[in-house]
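K.L.:
Just dropping this structure here.
The values are calculated or read from the model by the stated rules, or taken from the named source; none is laboratory data. None of these values were measured; they are calculated from a predicted model. Ideal geometry is used to build each Cβ from the backbone, glycine not excepted, and the neighbour counts take in all protein chains shown.
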Amino acid sequence: MRKWLPEIENDEGETDMLRLIPEKLRQFQQRLTRMDDQPLGRAALVVIIFLDLFILVSIFDGLADHTAQLAGPDERVPPLCRSLVIDREWNPTNRLDGLARIVSDYQADPYRKAVRTDRGQQHPLCAPIVGAYEAIRDNAGLARTLEESRRLRKETQDLRAELERMKGAYDTALLETIAGAQPADKDTSAIRKTMADKAVVLNDRVGRQALLDASIEQDPRVHKLFESVERVSDTQRTDLRDELRRLNFWYPAKRLGMEMLFLLPLLAVFYFWNAKSIAATRPFQILVSSHLLVVAFIPVFFKIAELVYDIIPRKLLRQVIELLESLKLVAIWYYLLIGAAIIAALALIYLFQKKLFSREKLLQRRIAKGLCQMCGLQLPSDSPYCPACGAGQFRTCSRCNALTHVHGRFCRECGLDAQSGN
C-alpha cells in the first residue's frame, strides 16, 4: 500500500493546482481593473486603454519591420519570375502583348508604389529578370509605346473579328442572290465595299503594329528582359521550382521563429516586471505591467493561430478537399462545416450565458446599482421588498445575524462567504 502513496499525493497535488487556476485568473483580472482594492476611475481607465492600444500597434508595426528581414516566397521568387520561368507563360508570339499588359496595368493603378525590392533577397535567376522589367516599367516613354502597341493589337483583333462576321454575311447574301431569293445584288455590293474599306484599315493597323513591335524588340531594355528569360535552362527551372516549394513549406515556421524572437523578450520583461511589482506591492506598476503582459500576449496568440491557419487550411484541408472531390464525396466537407458551425455556436452561447452574462454577474450588478435582485426594478435605499414582484431583498447572516443581500455572496457586515462559510 505504501508504494501507492506518492502517486495519490501527486494526483492530489495536480488537483489542487487545477483548482488554483480559476483563482489565479480571478486575481489577474482584478489587477487589470482594480487598484488598491478599488475600481479604476474613468480617467485612469482611458489612459491605460490608450497605452494598451499604443503598445499593441507599436508591437505589430515592429513585428512587420522585423519579419521583413526574412525573405518570403514572394520576395525570393517574385510572381513575375514565377510566371515567366516556372510557368513559362510567355513565348515569342505573345511576350510583347504580355509585357504591354502588365506594364499598362501597373501604370493604370492609382495606388501603385514603385518600390524596388532588395536584389540580395531574390533568387539569382529572378534578380536580372525583375530588374529588367522594372527598368521598362518605370520608363514613361517606353511604357507609352507598349500601351500604343497593345491598343493597335486590340484594334487589329477587333477588325479581324468584324471582317469574319461580314464575310459570313456576304457569303450568305451571295448564295441567296444566286438561288434567286434576292433579285438584285445591292446588299452584296454594299457589304463588299465595306469589307474592302475595313481591309484597308486592317492592313494599315497591321503595318503600324509591325513597325512598333520591331522598335520595341530592338530596345535594349526589352531585349535584356527577353534574353534573361530565354537563358534559363530546364535544370535551373526545375531547381527554382523545388526551392519555391521548400520556401512555401518552411516559410510559415521560419516567420513564426522571427516573430517569437521579437515577442518573447518583451513578454519576459513584462512578466518579470509584473512579478517584482506584485512582490513589492506597487499598485501602479502592478496595474501597468499586468496590462502590458496581456498586450504582449495578444500578438503571440495571433501569430501562433496564423501559423496553424497556414499549415492546416492551406495545406492539409486543401488535400482533404481534393481527396473528397476525387472520391465524389464533397458533401462530407459541407457536413463537417455545418457540424463545426454548430459546435462553435454552442461554445459561444455557453461563454456568453455562463461566463460573460451569467446570473451571478447579473445579480452583482443589480446589487451594486440598488436594483431589485429578482426583476431589476430601481428600489429606494434599503427597501426590504420589491413593490413590483414582492421579492425579499435581504436575509440574516448566519455569523453576525445582520441583514445582508439575499443573493450577495459575501455578508455586507462581516464578509462571510455564503458558499464556503469562511
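K.L.:
Within the group Arg231, Arg205, which residue is in contact with a helix residue (DSSP H, G or I) (Cβ under 9 Å, 6 or more places away or on another chain), of a type in the set (Lys, Arg) and either surrounded by 15 or more Cβ atoms within 10 Å (Cβ to Cβ) or under 30 Å from Ala64 (Cα atoms) (or both)?
P.N.:
Arg205
K.L.:
Kindly provide the set of residues from region 406-422 that are closer than 22 Å to Lys369 by Cβ, within 52 Å of the chain's Cα centre (by Cα) and not aromatic (Phe, Trp, Tyr), ordered by number.
P.N.:
Val406, His407, Gly408, Arg409, Cys411, Arg412, Gly415, Ala418
K.L.:
Being β-branched (Val, Ile, Thr) and either farther than 30 Å from Val294 by Cβ or touching a helix residue (DSSP H, G or I) at 6+ places or on another chain (Cβ under 7 Å) (or both) is the filter here, so list the residues in region 37-96 that pass it.
P.N.:
Matches in region 37-96: Ile48, Ile55, Ile59, Thr67, Val77, Val85, Ile86, Thr93.
K.L.:
Considering only residues that are among the polar types (S, T, N, Q) and modelled with pLDDT under 85, look in region 121-174 and name the one that is nearest to Ala71 (Cα to Cα).
P.N.:
Gln121
K.L.:
Starting from region 227-242, take each residue that is within 10 Å of Val85 (Cβ to Cβ) and list its partners that are not β-branched (Val, Ile, Thr), counting only C-beta distances under 7 angstrom and pairs at least six apart or across chains.
P.N.:
Listed by first residue and then by second, the contacts come to Ser228/Pro128; Ser228/Ala132; Val229/Leu84; Val229/Trp90; Val232/Leu125; Gln236/Leu125; Leu240/His123; Leu240/Leu125.
K.L.:
Follow-up. Based on what the data block shows, is Ala388 surrounded by fewer than 16 Cβ atoms within 10 Å (Cβ to Cβ), touching a Cys at 6+ places or on another chain (Cβ under 7 Å) and without any contact (Cβ under 8 Å) to a residue 60 or more places away in the chain?
P.N.:
Yes, satisfied.
K.L.:
Within region 71-98, track down each residue that is assigned to a helix (DSSP H, G or I) and within 30 Å of Leu267 (Cα to Cα).
P.N.:
Pro73, Glu75
K.L.:
Take Ala190 and decide whether it is surrounded by fewer than 15 Cβ atoms within 10 Å (Cβ to Cβ), touching a helix residue (DSSP H, G or I) at 6+ places or on another chain (Cβ under 8 Å) and not polar (S, T, N, Q).
P.N.:
Judged against the criteria, Ala190 is not a match.
K.L.:
Which residue out of Leu337, Leu371, Leu348, Leu403 is more than 30 Å from Ile321 (Cα to Cα), of a type in the set (A, V, I, L, M) and under 51 Å from the mean Cα position of the chain (by Cα)?
P.N.:
It is Leu371.
K.L.:
Okay, moving on. How about region 34-70: which of its residues are surrounded by 11 or more Cβ atoms within 10 Å (Cβ to Cβ), modelled with pLDDT under 80 and outside any loop (DSSP other than H, G, I, E, B)?
P.N.:
Arg34, Met35, Pro39
K.L.:
I need the helices (runs of 4 or more DSSP H) fully contained in region 318-422, keeping only those with at least 3 residues that are under 30 Å from Val308 (Cβ atoms) and of a type in the set (Phe, Trp, Tyr).
P.N.:
In region 318-422, the matching helices (runs of 4 or more DSSP H) lie at 330-350.
K.L.:
Looking at Tyr271, Tyr251, can you tell me which residue is more than 18 Å from the chain's Cα centre (by Cα) and among the aromatic types (Phe, Trp, Tyr)?
P.N.:
Result: Tyr271 is the single residue among Tyr271, Tyr251 that is more than 18 Å from the chain's Cα centre (by Cα) and among the aromatic types (Phe, Trp, Tyr).
K.L.:
Which members of region 250-273 meet the condition of being touching a residue at least 60 places away in the same chain (Cβ under 8 Å) and either crowded, with 16+ Cβ neighbours inside 10 Å or of a type in the set (A, V, I, L, M, F, W, C) (or both)?
P.N.:
Result: Tyr251, Arg255, Met258, Glu259, Leu261, Phe262, Leu263, Leu266.
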